[in-house]
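Any read-out appearing in this document is the output of simple, stated calculations on the displayed coordinates, not a laboratory observation. Nothing here was measured: the structure is a model prediction, and the numbers come from that model. FYI the Cβ positions are ideal-geometry reconstructions off the backbone, even for glycines, and counts take in every protein chain you see.
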Amino acid sequence: MDAPLKRDYQHDFDLNDPELNTRWDEVVAHLHTGCPVARSDVGEGYWVVSRYTDVVRCAKEWATFSAADGFMVNRPEGLPYFAPGECDPPLHEALRAAIAPFLRPRAVGALEPAIRRHANALIDAFCAQGQTDIVASFANPLPQLVFSVEVAGMDPVDMPYLLEVFDLSGPAEQRASNFALGIARIDAYLRQRAEQAPRGDIVDALLAFEFEGYTWQDKVGTLSQLTIGGIGTTGFAISGGLHYLATHPDARRRLVADHSLIPRAIDEFLRVFMGAPNMARRVKAETEVAGVRMQPGDRVLLSFGAASRDPSVCERPQEIDLARPVNRHLAFGAGNHSCIGASLARLVLQVGFEAFLERIPEFRVPEDFVPRYETANTRHMVSLPLLFDRA
């Protein structure tokens with residue numbers, strides 16, 4: 001029998017408690033046993049909403065639950081704000097309208113050959129070794145390469161540096177300083193592009209975008225957010241999915257034999273291995289959520305990760321079912337802040353799993369391997385060593 005949780009997360013929630021790293025699944029189940037809204041008194045204090053209908057409602061009612069104060073509770077000093085993720089309409093609507101055409105399904109679909117080239121090039125770098133840390137060598141670099149190089153036109157030479165400084169794992173106290181280094185590199189890239197002939201891409205659209213109060217630094221923040229967006233979030237769906245397949249050979253062989261099964265598997269990986277499970281909002285008007293009164297100024301954490309495991313909308317929520325017929329996960333959020341890069345993320349996942357399973361159909365983890373995670377607003381697998389036959 002598992003030991004009891006050390007903390008009563010229903011009444012004493014702490015997003016930075018290390019116990020969340022190893023017992024996230026249990027904490028989510030604990031929240032669903034009878035706690036519609038949990039409470040934290042850490043820092044400025046915040047509510048935690050975890051039921052599916054409540055999370056979706058709050059996400060949609062943007063005027064009451066504002067994103068303009070950032071997606072993090074107890075935000076570290078020195079971390080800038082990133083639009084469009086951290087702003088409200090009308091700026092939010094105008095900015096999304098400017099950059100969305102480059103991330104819509106038709107535009108994204110044209111990138112499939114390039115995504116496959118990137119996936120195979122990454123696999124080429126380690127397939128002859130018979131082992132690799134898949135987080136560092138494939139899961140995180142693939143989505144970053146696709147957006148930064150193919151969508152934003154950046155130099156591939158800069159990718160290792162950006163991957164390092166925009167890494168969402170590692171000590172929290174280092175992230176603000178690391179992010180500052182990455183933001184400075186993005187600033188330099190935007191200034192370089194502003195001096196060049198237009199390419200008709202998302203960067204040109206961002207450079208041309210004007211809105212009252214939206215500054216040059218905001219443009220830098222927008223491109224930084226888009227660059228960061230897929231590294232750990234899409235990356236966790238890849239690493240978590242490959243870990244599951246490495247430890248469930250029957251499921252792996254089914255996907256190897258029939259790639260038409262991959263899309264449903266991806267949805268389940270997104271539900272269970274959600275890279276951005278917790279997003280904050282600021283209450284702007286007195287309201288009530290599941291019987292809990294909230295006042296203007298209150299901080300609220302919307303747990304999309306917990307909502308996606310709500311037993312009222314997901315049968316057997318703690319099980320991984322790669323053939324789940326209905327999957328109402330919230331990996332891409334809900335409401336006006338639903339992920340603008342969802343179509344790109346899905347294609348990266350589809351092509352990434354196809355390429356990996358084609359090239360390396362048999363793989364396993366070391367016998368003594370126990371996955372380690374880091375959990376806060378985002379959740380990631382720290383590393384994933386895979387063993388396989390040299391190819």
Reduced to Cα centres, the span from the stretch 1-41 to the stretch 325-391 in Å works out to 24 Å
Note, the stretch 77-89: 3J(HN,Hα) by Karplus (6.51, -1.76, 1.60, θ = phi - 60°), whole Hz, Gly/Pro = x, goes 5, x, 8, x, 8, 10, 8, x, x, 10, 7, 10, x
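Compute the signed sum of charges (Lys and Arg +1, Asp and Glu -1) over the other residues within less than 13 Å, Cβ to Cβ, of Ala59.
Working: positive: Arg51, Arg57, Lys60, Arg281; negative: Asp54, Glu61, Asp88.
Counting the neighbours of Ala59, the net charge comes to +1.
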Between Asp389 and Arg191, the two model label points (7 Å from Cα along the beta-carbon direction) sit apart by a distance in nm of 5.4 nm
One finds the C-alpha centres of the stretch 149-163 and the stretch 79-138 to be spaced, in Å, by 11 Å
Counting Lys and Arg as +1 and Asp and Glu as -1 over every other residue whose Cβ sits under 12 Å from the Cβ of Pro105, the net charge comes to +2
Pseudo-spin-label distance Arg359 to Glu315, built 7 Å along Cα→Cβ, given in nm, is 3.8 nm
The answer for the chain, counting only DSSP H helices whose Cα atoms cover 20 angstrom or more along the axis and whose Kyte-Doolittle average is 0.0 or greater, is 216-247, 342-359
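Would you tally the net charge around Ala355, using a Cβ to Cβ cut-off of less than 13 Å, leaving Ala355 out, and scoring K and R as +1, D and E as -1? Could the numbers behind the result be given before it?
Working: positive: Arg116, Arg117, Arg359; negative: Glu112, Asp124, Glu354, Glu358.
Local net charge: -1.
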Expected max-MSF residue from Ala121, Ala97, Ala139 in the GNM of the chain (alpha carbon, under 10 Å) is Ala97
Read-out Kirkwood radius over Cα pairs in Å, candidates (i) 24.5; (ii) 21.6; (iii) 26.1; calculated match is (ii)
Once the in-chain neighbours fewer than 8 apart are removed, the lysines whose Cα is under 21 Å from Lys284 read Lys60
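Given the DSSP H assignment, sum -39500 (n - 2.57) over each helix run of at least 4 residues in the chain and divide by its residue total; what's the result at 222 nm in deg cm²/dmol, nearest 500?
Values: 14 runs with 165 residues, N = 391.
Computed mean residue ellipticity for the chain: -13000 deg cm²/dmol.
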